[in-house]
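The values are calculated or read from the model by the stated rules, or taken from the named source; none is laboratory data. These figures come from a predicted structure and were not determined experimentally. Don't worry about glycine lacking a Cβ; one is built from the backbone with ideal geometry, like all the others, and counts go over all protein chains shown. When the accessible area is computed, the model is the full protein with side chains, heavy atoms only, and any ligands, DNA or RNA have been set aside. Shrake-Rupley method; radii C 1.70, N 1.55, O 1.52, S 1.80 Å.
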Amino acid sequence: MFTLRTWTALALSAMLAYPLGEARSQGTWPNRPIRFIVPLPPGGANDLLARVFAERLQPVLGQPLVVENKPGAGGNVGTEFVARQPADGYTILLSSNTHVINVSMFSKLPYDPFKDFDPVTIVATIPFALTVNSNLPVHTVKEFLAYARAHPGSTYGTAGIGTPHHMGAELLRSMTGIDIVHVPYKGAAFLVPALLSSEVTFSIASISSLVPHFKSGKLRAIAIADDVRTPILPDVPTIAEAGPLPGFKIDVWFGVLAPAGTPRPIVDRLNTEINRTLQDQQLVKERLAPAGLSPVGTTPERYMEVMKADLVKYAKIAKDAGIKPE
């Protein structure tokens, strides 16, 4: 009887030890640096946001967030990398709409945008603008469309296949019938020089990297791709109103994702600290607003709803534009 009781006690102890150890390990998170993966080159809004959070979260988490840029294949390289990492809270992703847009761009994604990730929060949105070099003799949407029709084969630059830049231009093509040619670059950092040198005719691009060039007069913002004007460029109309092209809208978000299975206490801690950072009005005024970024902050559940809605939205844009997955 003593032996049976002894073995029973040992068995119960073994059963209880794992969850207790797991709880303790979660309770000490983080106890080493966190890798913050940006699936695009430095210079874009993803990169800016990741570095802002890396700076602001280190004091509250007690560990550094190390930003790593892993560009390639329209963001798929860096995204797949995060999907394959342990779900322990030590590798997270700063993604954008591309996360779900790529479902319509690639016949075989190396990851599932939903099953392989746990959403943390949408951190910000940013308006995109129909942009040309100031040497181009167009100042309005109507003038731009007239120019494009008179110059079939005009090129448009993007930050890569499947990016919001790509979707915006293809939506414009499908709604107007203009003949334009896609020139994908490896990130926004390479797109801006192309616009400045007139290597491409136009782009529908994030204003985060364009505002300084609007102010210098080297680039011209023709219209905003969202359904409302932006306070940063209050005199610039939307494409929908200036076309007029009712219903034209490309809304772009940036969000934090973790590998699927990341313990919910870790997801909630990240959500709380990131959303609290977004409420810092000085940060918004000095770092985000000048780049055209508007803070958001959501629950993980709301983030999942937005991703599912965007999957449907951009699949329709791709289908209407005749884009076939590669």
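Under 1.5 on a/c is rounded, so check that first for segment 232-326, then, if it is not, pick prolate when a/b is larger than b/c and oblate when it is not; a ≥ b ≥ c are the square roots of the alpha carbon gyration tensor eigenvalues. Could you put the intermediate results ahead of the total?
Numbers: a/c = 3.08, a/b = 1.25, b/c = 2.47.
Oblate, because a/c is 1.5 or more while a/b does not exceed b/c.
With a/c under 1.5 counting as rounded, go ahead and sort segment 152-256 into rounded, prolate or oblate using the C-alpha gyration tensor (a ≥ b ≥ c being the square roots of the eigenvalues; past the cut-off, prolate if a/b is larger than b/c, else oblate).
Rounded is the answer for segment 152-256, as its axis ratio a/c remains below 1.5.
Greater than 22 Å separation of Cα atoms is the criterion. Which listed pairs, Lys108/Lys324; Lys142/Lys308; Lys108/Lys316; Lys249/Lys285, meet it?
Checking Cα-Cα distances, Lys142/Lys308; Lys249/Lys285 exceed 22 Å.
For Met307, Met175, give me the order by solvent-accessible area with a 1.4 Å probe, most accessible first, ignoring ligands, DNA and RNA.
If we order Met307, Met175 from most to least accessible, we get Met175, Met307.
List the equivalent ellipsoid semi-axes of segment 30-117 in whole Å, largest first, each obtained as the square root of 5λ for an eigenvalue λ of the Cα gyration tensor.
In descending order, the three semi-axes are 24, 15, 9 Å.
Note down the net charge around Thr158, summing +1 for each Lys or Arg and -1 for each Asp or Glu among other residues with Cβ under 14 Å from its Cβ. Show your work: numbers first, answer last.
Details: positive: Arg173, Lys186; negative: Glu170, Glu199.
Taking every Cβ under 14 Å from that of Thr158, the sum is 0.
State, to one decimal in nm, how far the label point of Lys218 lies from the label point of His151, with both points 7 Å from Cα in the Cβ direction.
Inter-label distance under the simple model: 1.9 nm.
So what is the 222 nm mean residue ellipticity for the chain from helices alone, if each DSSP H run of at least 4 adds -39500 (n - 2.57) and you divide by all residues, rounding to the nearest 500 deg cm²/dmol?
Taken over the chain, the calculation gives -13000 deg cm²/dmol.
Using a probe radius of 1.4 Å on heavy atoms only, what accessible surface per residue do you get for the chain? Whole Å² is fine.
45
Using the Cα centre of segment 98-255 as the reference point, and only Cβ charges (+1 on K/R, -1 on D/E), how large is the resulting charge dipole? Debye, rounded to the nearest 20.
Working: 11 positive and 12 negative charges, 67 e Å.
It comes to approximately 320 debye.
Quick one: if the Förster radius is 30 Å, what FRET efficiency do Glu55 and Lys186 give, using the C-beta to C-beta distance and rounding to 0.05?
So the FRET efficiency works out to roughly 0.75.
Pull up the DSSP beta bridges for the chain and report the antiparallel fraction as a percent, rounded to 5.
Numbers: 24 of 39 bridges.
If I count the DSSP bridges inside the chain, around 60 percent turn out antiparallel.
Which sequence of Glu170, Glu305 reflects their accessible areas, 1.4 Å probe, from the largest down?
Numbers: Glu170 10, Glu305 105 Å².
Putting Glu170, Glu305 in descending order of accessible area: Glu305, Glu170.
Run the quick spin-label model on Phe114 and Gln63: label points 7 Å from Cα toward the beta carbon, then report their separation in nm to one decimal.
Distance between label points: 3.0 nm.
Rounded, prolate or oblate for the chain? Axes are the square roots of the Cα gyration tensor eigenvalues, ordered a ≥ b ≥ c, and the cut-off for rounded is a/c under 1.5.
On the way: a/c = 2.81, a/b = 2.12, b/c = 1.33.
Verdict is prolate for the chain.
Tally Lys and Arg at +1 and Asp and Glu at -1 over the other residues with C-beta under 10 Å from the C-beta of Ile266: what net charge comes out?
-1
Provide the FRET efficiency to the nearest 0.05 for the Lys319-Asp235 pair, computing r from the beta carbons and using R0 = 41 Å. Intermediate values should be presented prior to the final figure.
On the way: r = 35 Å, r/R0 = 0.85.
Plugging the Cβ-Cβ distance into 1/(1 + (r/R0)^6) gives 0.70.
In segment 97-159, what percent of the accessible surface is made up of carbon and sulfur (1.4 Å probe, ligands and nucleic acids excluded)?
The nonpolar share, carbon plus sulfur, comes to 56 percent.
Considering only the other residues whose Cβ falls under 12 Å of the Cβ of Glu143, what net charge follows from Lys and Arg at +1 and Asp and Glu at -1?
Result for the local shell: +3.
Taking the Cα atoms only, what angle lies between the long axis of helix 300-320 and the longest principal axis of the chain, rounded to 10 degrees?
Approximately 40 degrees, to the nearest ten.
For segment 195-326, what % of the accessible area comes from carbon and sulfur atoms, probe 1.4 Å? Each step should come with its number before you reach the end.
Details: 3310 of 6160 Å².
Carbon and sulfur atoms account for 54 percent of the accessible area of segment 195-326.
Can you give the extra length, in nm with one decimal, that the chain gains between Lys285 and Arg302 once fully stretched, where that is 0.36 nm per residue apart less the Cα-Cα distance?
Value of the extension gain: 3.6 nm.
By how many degrees, between 0 and 90 and to the nearest 10, does the Cα long axis of helix 2-27 differ from the longest principal axis of the chain?
30
Hey, got the Cα dimensions of segment 74-117 along the principal axes, in Å, largest first?
Each principal axis gives a Cα extent; for segment 74-117 these are 30, 17, 16 Å.
Output the 0 to 90 degree angle, nearest 10, between the alpha-carbon long axis of helix 45-61 and the longest principal axis computed from the alpha carbons of the chain.
Value to nearest ten degrees: 30.
Please get the size of the charge dipole for segment 169-290, origin at its Cα centre, with Cβ charges of +1 on Lys and Arg and -1 on Asp and Glu, quoted in debye to the nearest 20.
Computed charge dipole of segment 169-290: roughly 300 debye.
Once ligands and nucleic acids are excluded and a 1.4 Å probe is used, how much of Val123 is accessible, expressed in Å² to the nearest 10?
In the full protein context, Val123 sits at about 0 Å².
Please give every one of the aspartates and glutamates within straight-line cross-link reach of Lys215, meaning a C-alpha to C-alpha distance under 18 Å, and leave out same-chain neighbours fewer than 8 residues apart.
Hits, sequence-local ones excluded: Asp235, Glu286.
May I ask which residue of Leu40, Ala87, Val123 lies farthest towards the positive end of the charge dipole of the chain, with charges of +1 (Lys, Arg) and -1 (Asp, Glu) on Cβ and the Cα centre as origin?
Ala87
Expressed as a whole number of Å, what is the distance separating the alpha-carbon centroids of segment 221-269 and segment 161-178?
When both Cα centres are located, 15 Å separates them.
Might you report the magnitude of the Cβ-based charge dipole of the chain about its Cα centre, with Lys and Arg at +1 and Asp and Glu at -1, to the nearest 20 debye?
In total the dipole reaches around 260 debye.
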